[in-house]
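What follows is one structure encoded as structure tokens, with my remarks underneath.
What follows draws every value from the coordinates through simple rules; no lab data is involved. Fair warning: this is a prediction, and the values are worked out from it, not measured in the lab. Virtual Cβ from ideal backbone geometry, glycine too; neighbours counted across all protein chains shown.
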Amino acid sequence: MNFRWNITRREQLGRLVDGEPAEVHASVVDELRMCCSRVIAMAGDARLVFIGRSPEYLFDYLTGAFANTSWTNRLAIVNLSLKEFGSKSDELAPATHLALREQLAAHRLTPWDVASGAHPVALIDLIYGGETFGKLTGCLIAWATASGVGWRAVRRRIRIVGITERQRTGLRLWRWRTLDWASSYRPSALKGVSVPYWFWTHLGDSTKKVSRPNPPARWCDPEMERPPRGADFIEALRIAVALHDLGRSRTERDALAAAISAQPAVRDAWCRTLAAELRAASRPKRIERTFGSKQRVRSWRRSTRPTSPVSR
């Protein structure tokens with residue numbers, strides 16, 4: 001199991017995040033907010049499962065924004081690198097497949113969980129070649145078939161949200177939704193979110209990550225269960241905490257709610273409810289007194305009022 005700091009529990013971080021909070025550029029925050037609002041709208045009323053290390057910014061930001069809402073437990077991040085998965089050496093190693101299933105089970109991604117969960121599962125990641133989604137969904141379908149779970153029921157509950165580099169439209173434009181593995185899904189289950197090139201590379205290549213890389217060769221390595229050390233990991237952790245705190249702020253929650261309300265999905269009740277929860281989460285709760293409670297307070301004041309002495 002790959003270790004990742006739980007930034008919602010500050011007592012576990014100790015002195016790693018002491019000092020001045022990390023700064024995140026305003027342009028990154030604006031693009032991150034817009035990207036998150038579109039991902040939420042494209043995923044629909046589903047669990048948001050981020051795959052790999054690239055979407056760490058989105059996960060950390062949303063864990064703060066969704067705090068104290070009904071979406072608090074809908075977020076998960078699965079640090080898996082499936083680029084090397086499926087080679088001949090891996091196919092001959094049952095321990096590799098078992099380690100993958102254990103990691104998926106830890107995030108409630110077994111075929112039983114996907115098929116019978118309260119909400120569909122939206123798998124979210126940056127897309128370059130489209131291999132990750134194909135291998136991951138193929139593993140889930142094969143696991144369901146071997147376990148006696150209806151693989152069609154599992155596939156119906158899966159949604160794919162790919163974050164891609166924004167390009168000019170044209171006939172020769174490469175589209176990941178035309179890949180072989182994607183042809184087995186309904187078009188409505190495959191959604192794309194395009195972002196500027198600088199932001200796509202910032203998420204995927206430029207930023208330091210909180211977790212270690214987790215390729216198949218390290219899935220059985222006990223070292224992956226220990227906290228990572230080093231200046232780069234600590235810097236990434238400080239940025240993750242800053243994004244989480246930013247997402248919890250009243251100003252940012254209002255801005256995210258406005259961005260979500262601007263999406264076409266606002267016609268659905270779940271989207272309007274989420275936007276309302278975000279606006280209300282950071283505001284103090286109002287205590288409404290009923291007429292009966294006011295009468296009780298008044299009667300108590302009358303009974304405790306000192307009486308004047310009787311004149312003689």
What residue among D18, D45, D205 shows peak mean-square fluctuation when the chain is described by a Gaussian network model with Cα springs under 10 Å? D18
Could you sort 274-283, 180-189 so that the peptide with the highest average Cβ count within 10 Å comes first and the rest follow in order? 274-283, 180-189
Hey, can you rank 162-168, 151-157 by average C-beta count inside 10 Å, highest first? 151-157, 162-168
Once the dipole of the chain is set up from charges on Cβ (+1 Lys and Arg, -1 Asp and Glu), the residue from the list W219, L136, V114 lying farthest towards its positive end is V114
Net charge within 12 Å of L237 by Cβ-Cβ distance, Lys/Arg positive one each and Asp/Glu negative one each, not counting L237 itself? +2
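Can you give me the Kirkwood hydrodynamic radius for the stretch 10-304, using every pair of distinct Cα atoms, in Å to one decimal?
Details: mean 1/r = 0.0473 Å⁻¹.
By the Kirkwood definition, the hydrodynamic radius is 21.1 Å.
Please tell me the relative contact order of the chain in percent, rounded to the nearest whole number, where contacts are Cα pairs under 8 Å and at least six residues apart.
Values: 407 pairs, mean separation 93.1, N = 312.
Worked out over the chain, it gives 30 percent.
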